[in-house]
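Student: Quick one: this structure, given as structure tokens, is what I'll be asking you about.
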Amino acid sequence: MAVLNKTLLVITTYNQSEYTKLCFESLKKLDDDIDVLVIDDCSTDDTVDMCNQYGYEVITKDEGKGLTHSWNLAYDRFNQSHHDYFIIANNDILIPKGAISELENTFEKWPFSLIVPLSTTNGVGHNLQQSIENYYDDINADNSNDYQQVQDAIVDIRDNLRDSNNLYQLDPLRMKMFNGFFFMMNRNIINYQHPDNKLFEPKYIMTKNEDEFNWSKLIPNNDFAAVCKTSFVFHYKGVSTFKIFDDYGSKSNNISEWKKLREEKVG
């Protein structure tokens, strides 16, 4: 059996290869012990070719089956592997060096099953508890070009707080919801799989998947998602989610309508 790294990072894609390329470029700069897997929902652009060019394994589909289907494929791979952790992430993100190791360190110190990073206020959407603005007054994180500098600034603040015996200020925060653009889990999550070995409810094809999982599985077991205040991931919010069209909520779980409208708005 091949030697696996500590963390499995799964990137879900559907078209938008220009953002996937930006994401891949950020991955090239990481020094974390991660294995990368891409799950593509039948893209019609050059996404799959790009995955091959960057040397990342990619699972393709004969037809689009939606985001939740991709998430369950990701979980199936994790469940059958020996990774300690796994991450599900959108393709429209930039991951700085140090962000993943901060999440791993949080798992090692705290009894959580699911942890998320900070992002910009725009990037965290409906869950403002993940906004970096809540915890760092002097860090401007809105420019995507500065994503590594943001993570570095957070680490500097963390070190200064440790030196002054005030590190408790950056303890992770338990939340009642989380944004699904990027979330990391440990093997405790296996306890919450459905009888059919799926982790996420298949009927929520494109949206509500993280909310349903959170409210039906995590919270009833007093296993709240937590935000790691020392990890930052830049998210190009609106590229793949809520701001794409006005009636997102009514169309988002009709996969043909969702993809048609997304192509009209984004493409």
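Student: Among (1) part of a helix (DSSP H, G or I); (2) crowded, with 20+ Cβ neighbours inside 10 Å, which single condition is D146 missing?
Tutor: Every condition holds for D146 apart from (2).
Student: Looking at the stretch 162-177, can you tell me whether even one residue there is over 14 Å from K229 (Cα atoms), touching a residue at least 60 places away in the same chain (Cβ under 8 Å), in contact with a helix residue (DSSP H, G or I) (Cβ under 9 Å, 6 or more places away or on another chain) and not aliphatic (A, V, I, L, M)?
Tutor: Among the residues of the stretch 162-177, not one is over 14 Å from K229 (Cα atoms), touching a residue at least 60 places away in the same chain (Cβ under 8 Å), in contact with a helix residue (DSSP H, G or I) (Cβ under 9 Å, 6 or more places away or on another chain) and not aliphatic (A, V, I, L, M), which makes the answer no.
Student: Given the conditions (1) crowded, with 16+ Cβ neighbours inside 10 Å; (2) within 28 Å of Q148 (Cβ to Cβ), and given that Y75 satisfies all but one, which numbered condition is not satisfied?
Tutor: Going through (1) crowded, with 16+ Cβ neighbours inside 10 Å; (2) within 28 Å of Q148 (Cβ to Cβ) one by one, Y75 breaks only (2).
Student: Please count how many residues of the stretch 149-183 are of a type in the set (A, V, I, L, M, F, W, C), in a loop (DSSP other than H, G, I, E, B) and surrounded by fewer than 20 Cβ atoms within 10 Å (Cβ to Cβ).
Tutor: 1
Student: While we're on this one: I'd like to check which strands (runs of 3 or more DSSP E) are fully inside the stretch 5-79 and have at least 2 residues that are touching a His at 6+ places or on another chain (Cβ under 8 Å).
Tutor: Once the strands (runs of 3 or more DSSP E) in the stretch 5-79 are filtered for at least 2 residues that are touching a His at 6+ places or on another chain (Cβ under 8 Å), what remains is 7-13.
Student: Among the candidates Y136, Y147, which residue alone is under 16 Å from G98 (Cβ atoms) and touching a Leu at 6+ places or on another chain (Cβ under 7 Å)?
Tutor: Residue meeting the stated conditions: Y147.
Student: Next question. Would you mind finding the one in S164, S119 that is over 24 Å from D31 (Cβ atoms) and of a type in the set (S, T, N, Q)?
Tutor: S164
Student: What residue, among those in the stretch 1-21 that are crowded, with 20+ Cβ neighbours inside 10 Å and closer than 24 Å to N79 by Cβ, is modelled with the lowest pLDDT?
Tutor: My answer is Y14.
Student: Provide a single number: the residues in the stretch 198-213 that are assigned to a loop (DSSP other than H, G, I, E, B) and farther than 14 Å from G125 by Cβ.
Tutor: The qualifying residues number 9.
Student: Just give me the residues in the stretch 7-21 being over 9 Å from T47 (Cβ atoms), in contact (Cβ under 8 Å) with a residue 60 or more places away in the chain and not hydroxyl-bearing (S, T, Y), in sequence order.
Tutor: L8, L9, V10, I11
Student: Being within 19 Å of S70 (Cα to Cα), touching a residue at least 24 places away in the same chain (Cβ under 8 Å) and either surrounded by fewer than 17 Cβ atoms within 10 Å (Cβ to Cβ) or out of contact with any strand residue (DSSP E or B) (no Cβ under 9 Å at 6 or more places or on another chain) (or both) is the filter here; which residues of the stretch 22-49 pass it?
Tutor: C42, T44, D45, D46
Student: Which number in (1) assigned to a helix (DSSP H, G or I); (2) surrounded by fewer than 17 Cβ atoms within 10 Å (Cβ to Cβ) marks the one condition that I100 misses?
Tutor: (2)
The values are calculated or read from the model by the stated rules, or taken from the named source; none is laboratory data. Note that the coordinates shown come from a computational prediction; the quantities given were computed from them, not determined experimentally. Quick reminder, even Gly has a Cβ in these numbers, built from the backbone with ideal geometry, and neighbours come from all protein chains shown.
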